[in-house]
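What follows draws every value from the coordinates through simple rules; no lab data is involved. Please read these numbers as outputs of a predicted model, since none were measured by experiment. Virtual Cβ from ideal backbone geometry, glycine too; neighbours counted across all protein chains shown.
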Amino acid sequence: MADQHPSSQCGCGSGACGNGGSAKPSPASIQFKKPASAPAKSAVPAAAAPPSRRQFVGGALRGAFLFVLGAATSLIARVSQKERTVWQIDPTKCIACTNCANHCVLTPSAVKCVQQYPICGYCKLCTGYFEPEPNALNTAAENQVCPTGAIERRALEDPYYEYNIDEELCIGCGKCVVGCVVFGNGSFSLQIRHDRCVNCNECAIAMVCPADAFVRVPASQPYLLKTREKQG
Amino acid sequence: MANTDQNRSWTRRQFLRGAGIFGVGSAVGTLAGRTSRAAGAKAGAPSAAPQAYDVEKFKKVDPKLIHYEPAGGIRPPQAEPNRIAFGPDEMLWVTSGKHVTALDQQGAKAVEFSVGEVVRALAVAQDGSVWIALRDHIEVFNTQGKRANKWDPPAKKAWLTSLAVGEKDVFASDAGNRAVYRFDRAGKLLGRLGDKDAARKVPAWLVPSPYFDLEIGGDGLLWVVNPGQHQFQAFTFDGTLEKTWGEASFGIAGFCGCCNPSYFTRLADGRFVTSEKGLPRVKVYSTAGQFESVVAGPASFPKYMENMNSNPIPMDIAADRAGRIYVADTLGNQIRIYQRKS
């Protein structure tokens, strides 16, 4: 302790700091000394004292470690987010076989018919809405394709009609999809609705899909919609 | 009695044997049931009935109605033939993607050229010039395939689907804008036909998909299919609606679905030949629109029936002077020829 600069706590022991240190101090000798009588708070604050080299290097290392840790965490979070995928139906492969209605773990199924308005022809005789040979083109139940009456038909300017899907009633059987794809232009298609799907690791419908139409898609873009170009 | 009672009682061995047989039987039964259920599920056997869209009965055509028979076919040099048309010299012009090919009467390639994008429509004028529509504009070629003209798109979002070329007029249908345009042969837009006009009793065009065919008839009228209304409409060149025929029906005499007939052509005597998608049917109608006969029914196009639920494709048709009907079988990579049964 005798070698320690009495007026400072630099601990260099070499005199490089200009405090005239001489011999290398033993580790035990490098310590902060509390003054015998603690100075008043208004006196020179402790922060004003320059940090020792060891303190500086230690602080820098800690900072660097925290920086690397933060960057790694962020990277892992981003990578794991990127890889997160969900199930979806490829509408170009789907044959609307009815399995979606009957094999989902949920009742009713998380698969619903979706209407793509930019493709729809707004037909008076919609083959997705009407049975193949309807008695009349009206909303009577016997004329409708949908077994649960989930399609709403609304008259627009003659001769156009708008068709909307009531997802609370839709069971995802795809009967309307067949009518629309085969005889119409395919604006109806089946999609897994992600506000309902529980995203099972092994999707019960995917296991029985005869067209291999179930695919994993990024969670950030969970729907596979048709384009007019592809459909045309 | 004592004897009988003795016979009825089971020994321990008998009991164990019975229980063993029962256990093995149950296990085998359970296993078989599971296996068959799993096999059914793997095969994706869809559950039946109320959820099935049933058109099975419409796939069958009464053989008595089929008045035509296959008479060979032509395999064009480029795959997937799409649009076909006869020229004045009986050359058969075929488009396949971006390629346009002329085939002579033996089916040999006479001329071939290609354009920048997929050809959507094709017409051959009486002077032999070849008119093609790409998605939004029209290009004109001479008989050797040299481009003579290229027009500007008639409208934004144009999706041209068919062409008809007369002596002075050219007509083009646009599914994107639900319009039929009339041009002069230099490409100047003269007007539109068939827009909804209650005063002139012209219904609106209903065009759900890009199949909107038209042709100039020998009667001097422009015949246009209104596919969503399942009707043929005949207009004078200045847009007066003269005639209408056609009915919506899955029955053989009508047009099914909401986009049919997809294509049509006229025989030399003015009768109509129609082609439908969904249920692939080629049929003949009289000049007054009465159903006459079937050229080919769904059973003639098994590949189309296989793809029915995912990708129904219509087949373009053309007729030569002898009354033979040519069908562009896109999925079969050939031009099928049908002739009237003798």
What residue among B:Pro261, B:Gln106, B:Phe250 has its Cα farthest toward the positive end of the dipole of chain B, where the charges are +1 on Lys, Arg and -1 on Asp, Glu, each on the Cβ?
-> B:Phe250
Return the sequence-ordered ³J(HN,Hα) values of segment A:116-133 in whole Hz as given by the Karplus equation 6.51 cos²θ - 1.76 cosθ + 1.60 applied to θ = phi - 60°, using x for Gly and Pro.
-> 9, 4, x, 8, 4, x, 6, 6, 5, 9, 8, 7, x, 9, 9, 4, x, 10
Expressed in Å to one decimal, the Kirkwood Rh of segment B:127-179 from all distinct alpha-carbon pairs is 11.5
When the helices in chain B are scored as -39500 (n - 2.57) per DSSP H run of 4 or longer and the sum is shared across all residues, what 222 nm value do you end up with, to the nearest 500 deg cm²/dmol?
-> -4000 deg cm²/dmol
Net charge near B:Ala125: determine it from the other residues with C-beta under 10 Å of the C-beta of B:Ala125, scoring Lys and Arg +1 and Asp and Glu -1.
-> -1
Starting from segment A:127-232, pick out the GluC sites (Glu not before Pro) whose DSSP state is loop and whose Cβ has at most 10 other Cβ atoms within 10 Å.
-> A:Glu157, A:Glu168, A:Glu202
Pairs A:Lys93/A:Lys175; B:Lys188/B:Lys243; B:Lys59/B:Lys283; B:Lys156/B:Lys188; B:Lys156/B:Lys243; A:Lys112/B:Lys277: which are spaced more than 23 Å apart, C-alpha to C-alpha?
-> B:Lys188/B:Lys243; B:Lys156/B:Lys243; A:Lys112/B:Lys277
Using R₀ = 25 Å, calculate the FRET efficiency as 1/(1 + (r/R₀)^6) where r is the Cβ-Cβ separation of B:Ala79 and B:Leu190; round to 0.05.
-> 0.10
Relative contact order, percent, chain B [alpha-carbon distance under 8 Å, six or more residues apart] | 15
Be a star and scan segment B:281-322 for residues whose amide nitrogen sits under 14 Å from the point 7 Å along the Cα-to-Cβ vector of B:Lys64.
-> B:293-294
Two-site label geometry, B:Asn307 and B:Lys201: point separation in nm, points 7 Å out along Cα→Cβ | 4.1
Cα-based Rg/(2.2 N^0.38 Å) for chain B, rounded to two decimals, is 1.43
May I ask you to list the GluC sites (Glu not before Pro) in segment B:237-342 that are in a DSSP loop and have at most 16 other Cβ atoms within 10 Å of their Cβ?
-> B:Glu247
The long-range amide H neighbours of B:Ile66, using H built 1.01 Å from N in the peptide plane and a cut-off of under 5 Å, are B:Val294
Where the eigenvalues come from the Cα gyration tensor of segment A:69-146, what are the semi-axes √(5λ) of the equivalent ellipsoid, largest first, in whole Å?
-> 43, 16, 10
Dipole of chain B, Cα-centred, from +1 at each Lys and Arg C-beta and -1 at each Asp and Glu C-beta, to the nearest 20 debye?
-> 1680
With labels modelled as points extended 7 Å from the Cα through the Cβ direction, what inter-label distance (nm, one decimal) is found for B:Glu90 paired with A:Arg53?
-> 10.5
Roughly what would the spin-label model give for A:Cys200 and A:Val215, points 7 Å off Cα along C-beta, in nm?
-> 2.2
Could you work out the longest stretch of chain B that avoids the trypsin sites (Lys or Arg not before Pro) located in DSSP loops with at most 13 other Cβ atoms within 10 Å?
-> B:202-320
In degrees, nearest ten, helix B:12-42 long axis to first principal axis of chain B (Cα) | 10
Could you give me the ³J(HN,Hα) list for segment B:150-156, computed from phi with Karplus coefficients 6.51, -1.76, 1.60 and θ = phi - 60°, whole Hz, x at Gly and Pro?
-> 9, 8, 6, x, x, 7, 5
Does anything in segment A:99-136 have its amide N under 15 Å from the 7 Å Cα→Cβ label point of A:Tyr223, and if so which residues?
-> A:111-120
Please report the base-10 log of the normalised intensity I(q)/I(0) for segment A:136-232, using a Debye sum with one equal scatterer per alpha carbon and no solvent, at each q in 0.15, 0.25 (1/Å).
-> -0.77, -1.57
